[in-house]
1. So for the range 208-379, if I pair up every lysine 8 or more residues apart or on another chain, how many of those pairs have alpha-carbons under 15 Å apart?
2. For V74 paired with A307, estimate the spin-label separation in nm (one decimal), with each label point 7 Å from Cα along the Cα-to-Cβ line.
3. Please compute the length gained on full extension between A14 and V64, using 0.36 nm multiplied by the number of residues separating them and subtracting their Cα-Cα distance.
4. In whole percent, what relative contact order does the chain give with Cα contacts below 8 Å and a gap of six or more residues?
5. Need one number for the range 34-85: average projected area of the convex hull over its C-alpha atoms, nm².
6. To two decimal places, what compactness ratio does the range 139-270 give when its Cα radius of gyration is scaled by 2.2 N^0.38 Å?
7. Multiply the residue gap between Q411 and K321 by 0.36 nm, knock off their C-alpha separation, and tell me the result in nm, one decimal place.
8. Separation between the R7 and E425 pseudo-spin-labels, each 7 Å from Cα along Cα→Cβ, expressed in nm?
Amino acid sequence: MANYVERVIEQCKANNPGEVEFHQTVEEVLTSLAPVMDANPQYEECALLERLVEPERGVTFRVVWVDDEGKVQVNKGYRYQFNSAIGPYKGGLRFAPGVYPGIIKFLGFEQIFKNSLTGLPIGGGKGGSDFDPNGKSDAEVMRFCQAFMTELYRHIGPDTDVPAGDLGVGAREIGYLFGQYKRITDRFDGGVLTGKHIPYGGLLGRTEATGFGIVWYAEEMLKANGEEIKDKVVAISGFGNVAWGTAWQLQRLGAKCITISGPDGYIYDPEGISTDEKVAYLLELRSSGKNICAPYAEKFPEAKFFAGKKPWTVQQDAGIKVDMFIPCAMQNDVHMEHAKAIVEGGCKFYCEGANMPTTNDALAYLMDEMVAVGPAKAANAGGVACSCIEMGQCAGHTVFQHEDVYAQLHQIMQNIYNACANAGEKYYGNKNALVQGANIAGFERVAEAMMAQGLV
């Protein structure tokens with residue numbers, strides 16, 4: 001069946017020219033599935049993989065809005081609805097200048113398996129725009145979001161497609177999007193968007209859910225290898241929502257988070273982001289709209305700023321030993337030279353927090369060097385899991401408390417880890433084959449649903 005997998009990968013690349021991020025994730029996922037294809041020849045007979053890599057629906061639209069100076073601006077909007085075999089399409093909206101179909105398709109394809117791993121009834125989708133919210137006024141962001149939703153609203157709904165936030169889309173943007181949806185449709189469909197503010201249907205604990213879930217997944221990785229997270233030295237990247245939640249949960253569990261990063265460089269804090277004040281300051285950095293992390297070293301003089309560098313070399317730069325690296329920023333942030341620096345420093349644990357933060361060759365190198373790798377589609381699934389919990393809260397017209405949300409999320413992340421480890425053991429003979437295990441465990445549930453529903 002290896003030939004079948006290779007054929008589908010090459011066909012996908014030919015059908016989606018220039019969309020390198022989409023090519024990357026399709027290759028990474030499908031290559032892992034070869035032993036599953038061998039065990040299930042019926043999947044080739046019904047072209048299951050060809051159907052899996054092709055979105056069920058994709059829309060591209062024009063977004064016209066007016067800036068504060070009265071000038072008309074035009075952006076592109078996207079929504080790719082990839083797979084609804086196990087539930088309504090579910091996935092975030094990304095507003096960033098580099099957004100194009102290849103980014104949205106990569107995110108939407110990953111979302112299929114991430115959502116499946118949660119065990120919840122949600123399919124995979126993703127959307128966004130090349131709009132950059134950084135440096136824009138609240139009024140400009142509002143007008144853009146209203147224009148964006150004026151087109152998007154006809155393609156979404158609580159039982160059809162439920163967007164959420166992603167890079168560049170937080171509670172502010174979700175609020176403007178929801179307000180416009182409500183105005184256009186004349187309905188209060190609380191379950192049509194997740195990541196909302198608390199007063200109108202948001203979920204307590206949702207903001208930190210992705211970061212908390214990452215750390216709970218990492219904790220399971222360590223336990224399976226006879227170690228615990230308490231007192232571990234951890235280096236992370238980013239300083240946005242995912243990094244903030246990760247740093248906060250590491251602090252809660254007694255680990256020491258020593259780095260954050262931004263486009264300007266990275267911060268090394270030898271004392272760790274170990275106080276409530278330091279954790280809270282990450283939110284201040286993000287809300288400033290400047291997209292830089294250097295001010296952290298001005299606020300906390302014990303920290304050091306490394307301009308133009310990434311935290312993957314902190315072991316060499318600071319002469320310290322890191323127990324685990326957790327990339328929480330952007331896709332393809334960790335390249336081969338970074339992977340070599342991580343291995344050279346003796347680190348044995350690596351857990352992906354961002355979506356596809358590691359290039360395929362760097363990922364293969366880390367695994368070849370016996371580093372235990374927690375894949376993004378598994379470790380990062382806490383956010384979308386809580387989004388589904390928010391959907392249930394809205395549908396039931398009730399309110400869940402923090403302890404309810406945390407308990408559900410913790411159990412989900414433990415279940416996800418176990419599913420990955422069991423699939424890795426079954427098909428690759430290795431409980432640490434979590435990358436392959438995540439792909440397989442996520443795929444098997446979707447494949448079973450697709451087979452049951454016929455050629456649709």
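Each reported figure results from applying straightforward, stated rules to the coordinates on display, with no laboratory input. Quick caveat, the model's predicted, so the values are computed rather than measured. Methodologically, a virtual Cβ is constructed for each residue, glycine included, from the backbone with ideal geometry; neighbour enumeration extends over all protein chains shown.
1. 14
2. A separation of 4.0 nm, rounded to one decimal place.
3. Working: separation 50, 0.36 × 50 = 18.00 nm, distance 3.21 nm.
14.8 nm is the gain from fully extending A14 to V64.
4. Working: 956 pairs, mean separation 68.4, N = 456.
Once divided by the residue count of the chain, the mean separation gives 15 percent.
5. Details: hull surface 22.0 nm².
For the range 34-85, averaging the hull's shadow over all directions gives 5.5 nm².
6. Details: Rg = 18.4 Å, N = 132, 2.2 N^0.38 = 14.1 Å.
That works out to 1.31 for the range 139-270.
7. Working: separation 90, 0.36 × 90 = 32.40 nm, distance 3.08 nm.
Extra length from Q411 to K321 when fully extended: 29.3 nm.
8. Result for the modelled spin labels: 3.5 nm.
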